[in-house]
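Presented below is the structure to which this report refers.
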Amino acid sequence: MMNKIFKALAIINYLLLIINSVQAQYTHQDTLRGTNGPGRDWWNVKSYTIDVTPDYTKQEIRGSVGILFGIFKTGKNKIMQLDLQEPLVIDSIKGSATIRKYRREGNVYFIDFGEKDFKSTLENSNVSTVNTITVYYHGKPTIARRPPWDGGWIFVKDAKARPWMSVACQGLGASVWYPCKDYQGDEPELGASLTMNVPDSLIAVANGRLIEKKSNSGITSWTWAVTNPINNYNIIPYIGKYVNWNETYEGEKGKLDCSYWVLDYNLEKAKEQFKQVPMMLKAFEYWFGPYPFYEDGFKLVESPHLGMEHQSAVAYGNGYRNGYRGRDLSGSAAGWGLKWDFIIVHESGHEWFANNITTVDIADMWVHEGFTNYSETLFTEYYYGKEAGSDYVIGTRALINNDKPIIGPYGVNKGGSGDMYYKGGNMLHTIRQVINDDEKFRAILRGLNSTFYHQVVTTRDIENYMSKESGKDLSKIFDQYLRTTNIPVLEYKIKGDNISYRWTNCVDNFNMPIKIDIGADQERWIHPGTNWKETKMADWFTGKTFKPNRNFYVTVKHID
Ligand SMILES: [Zn+2]
């Protein structure tokens, strides 16, 4: 018994060593940013009320954020961590609770509430009992140079040299432009509002619905709001010479208000291109279930960058043409990726995976990008058939690097490999083959969206749900594709009448069943393990090539 305990302790020690060495490359600031630390874990964001005045000429902003919050851990001497990235500065903080003092440490502010005795609010849904603070701030925000790949404010001119402003901040974080708890694990469950104070000549659009529009001495204040939980990085201003039209989509949950905002000179092109929105909604409601934010409506808003999944105000900058900037990412002979607009399909797909289901840590971001990548395949399949979908997802394998694992390091706000897109999609396609029941697979996709509706999750939540609902233990497959860079090799050898096969280049006990194509629409399932299995092949294999079905993302090797 002692021996066992000793061994267990040795293993734990070893794991801690690994964790420490991984963390060593990261700074204390990374940990503050990426962890649910002591400045965060005692309070719960209920809503953000953001008010911002951008100065286009000076490239500065000035604003305030009201934060309504509940309490997880009661008591006194609470220190609240608020994130606001340099060089922005907080000017003052006012609150329902007395604030003793606050101090800055890089991109983080610590607010000391001193003797204030915070009472539990969790058992009491009456929001008037929760606490509020309002933070006033200003400065020159980081400017995005290559949005959406880096992040920050965007101050550019449109094609007619008029001001156009927005923000892109995924990964970098919303704290690049407003103070918040910059942590994906805590969404404001009552929603958020954004007021933009801009010159009368400009139109300001944001997430959700237009609540109020007021003009005063040449400045118009536009207030938009969502009533659903939202990721911080999805709350975005769009300010420019916008025009708008609307339509109603008859969806699974009733009437969905769709609204489109584009620069005035693009109106005609946009009206043509955005006909793909109802097509997208139809395909995705079929595969994933109802659009998750009927209350807030759906919008596409033209952006000065390629695109982003800004909840209920999806950023569109694909130039009103099909493909990814006119390119078929799958490189398929039939050009499936050119049949539809990549940004309309991909960024809207995120309404289900990223916005409805959000990961606590961006280390698990494959849940956003893997499923949304696969939404492109499902869209293709919905309109062009199953083989077209397969062609598409298989074609994207050329873009997989296998450079590092898809799952990144936890607790430091870092994602894993960019393989989370194409390899993530191919892993899901492979899992779908293993499940071998498309109706069940679709029920799982819909079930994920209803089970984790408006929630934050970890990769394990998603993996366990899929194993449970499929009735198959998929854990080794997830481990293989998410946690290693190795692509399983199906080795086989032929001796006399017998064929033997096994998995190599794989995790311990990898046991994925796989379909072997044996000519003219015939196939046969085999169940390889990591040890050789030998079978008499005469009845089904003689004279055929041993070829795994193309839908499985594996390689095959003949051993002499
Ligand atoms: Zn994406």
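Key figures for this structure:
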| item | result |
| --- | --- |
| Hits in the stretch 61-92 (condition: among the acidic types (Asp, Glu) and surrounded by fewer than 16 Cβ atoms within 10 Å (Cβ to Cβ)) | Glu86, Asp91 |
| Of all residues in the stretch 373-389 being touching a Ser or Thr at 6+ places or on another chain (Cβ under 9 Å) and not charged (D, E, K, R), the one that is farthest from Tyr233 (Cα to Cα) | Ala388 |
| Evaluation of Lys160 against (1) within 22 Å of the chain's Cα centre (by Cα); (2) more than 25 Å from Gly34 (Cβ to Cβ); (3) assigned to a loop (DSSP other than H, G, I, E, B) (one fails), failing number | (1) |
| Every pair of residues 6+ apart whose Cβ atoms lie under 6 Å, when the first sits in the stretch 328-351 and is farther than 20 Å from Gly317 by Cβ and in contact (Cβ under 8 Å) with a residue 24 or more places away in the chain while the second is among the aliphatic types (A, V, I, L, M) and away from the ligand (no atom under 14 Å from the Cβ) | Trp336/Ala388 |
| Qualifying position, being without any contact (Cβ under 8 Å) to a residue 60 or more places away in the chain, under 28 Å from Asn44 (Cα atoms) and either in contact with a Phe, Trp or Tyr (Cβ under 8 Å, 6 or more places away or on another chain) or aromatic (Phe, Trp, Tyr) (or both), among Glu376, Glu369 | Glu369 |
| From Ile435, Ile406, Ile400, residue being among the β-branched types (Val, Ile, Thr), under 17 Å from the mean Cα position of the chain (by Cα) and more than 13 Å from the ligand (Cβ to nearest atom) | Ile406 |
| Residues of the stretch 154-175 satisfying the condition of being crowded, with 24+ Cβ neighbours inside 10 Å and out of contact with any Asp or Glu (no Cβ under 9 Å at 6 or more places or on another chain) | Ser166, Val167, Cys169 |
| Residue check, Val301 hydrophobic (A, V, I, L, M, F, W, C), free of Cβ contacts under 8 Å to residues at least 60 places away in the same chain and farther than 18 Å from Gln184 by Cβ | no |
| Selection within the stretch 313-327 - among the basic types (Lys, Arg), assigned to a loop (DSSP other than H, G, I, E, B) and without any contact (Cβ under 8 Å) to a residue 24 or more places away in the chain | Arg325 |
| Residue that is surrounded by the most Cβ atoms within 10 Å (Cβ to Cβ) [pool: residues in the stretch 524-559 that are charged (D, E, K, R) and modelled with pLDDT under 85] | Lys544 |
| Enumeration of residues in the stretch 319-350 that are within 16 Å of the ligand (Cβ to nearest atom) and either over 19 Å from Ile400 (Cα atoms) or modelled with pLDDT under 95 (or both) | Arg325, Trp340, Asp341, Ile343, Ile344, Val345, Glu347, Ser348, Gly349, His350 |
| Residues of the stretch 287-303 satisfying the condition of being out of contact with any Lys or Arg (no Cβ under 8 Å at 6 or more places or on another chain) and surrounded by fewer than 21 Cβ atoms within 10 Å (Cβ to Cβ) | Glu295 |
| Search result, residues across the stretch 351-364 that are within 13 Å of the ligand (Cβ to nearest atom) and of a type in the set (A, V, I, L, M, F, W, C) | Trp352, Phe353, Ala354, Ile362 |
| Matching residues in the stretch 85-115 - criterion: being closer than 18 Å to Lys181 by Cβ and hydroxyl-bearing (Ser, Thr, Tyr) | Ser96, Tyr102, Tyr109 |
| From the options His310, His368, residue that is surrounded by 24 or more Cβ atoms within 10 Å (Cβ to Cβ), of a type outside the set (D, E, K, R), within 13 Å of the ligand (Cβ to nearest atom) and part of a helix (DSSP H, G or I) | His368 |
| Selected residue (only one of Tyr316, Tyr294 is within 16 Å of the ligand (Cβ to nearest atom) and hydroxyl-bearing (Ser, Thr, Tyr)) | Tyr316 |
| Any hit, the stretch 318-341, residues being under 21 Å from the mean Cα position of the chain (by Cα), farther than 27 Å from Gly408 by Cβ and among the charged types (D, E, K, R) | yes |
| Failed item, numbered, when Val301 is tested on (1) away from the ligand (no atom under 16 Å from the Cβ); (2) among the aliphatic types (A, V, I, L, M); (3) in a loop (DSSP other than H, G, I, E, B) | (3) |
| Selection count where residues are in a loop (DSSP other than H, G, I, E, B) and not small (Gly, Ala, Ser), scope the stretch 163-196 | 15 |
| Breaking point among (1) in contact (Cβ under 8 Å) with a residue 24 or more places away in the chain; (2) out of contact with any strand residue (DSSP E or B) (no Cβ under 6 Å at 6 or more places or on another chain); (3) surrounded by fewer than 24 Cβ atoms within 10 Å (Cβ to Cβ), for Ala354 | (3) |
| Residues satisfying the stated conditions in the stretch 434-478, i.e. within 23 Å of Ala354 (Cβ to Cβ), among the charged types (D, E, K, R) and surrounded by 16 or more Cβ atoms within 10 Å (Cβ to Cβ) | Arg442, Arg446, Asp461, Glu463, Glu469 |
| Test: residue in the stretch 240-254 that is in a strand (DSSP E or B), among the aliphatic types (A, V, I, L, M) and in contact with a Lys or Arg (Cβ under 8 Å, 6 or more places away or on another chain) | no |
| Some residue of the stretch 372-382 being surrounded by 24 or more Cβ atoms within 10 Å (Cβ to Cβ), within 11 Å of the chain's Cα centre (by Cα) and within 16 Å of the ligand (Cβ to nearest atom) | yes |
| Any hit, the stretch 93-115, residues being surrounded by 12 or more Cβ atoms within 10 Å (Cβ to Cβ), outside any loop (DSSP other than H, G, I, E, B) and without any contact (Cβ under 8 Å) to a residue 24 or more places away in the chain | yes |
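The values are calculated or read from the model by the stated rules, or taken from the named source; none is laboratory data. All values reported here derive from a predicted model rather than from experimental measurement. Cβ sites come from the backbone with ideal geometry, for glycine too, and all protein chains shown count toward neighbours.
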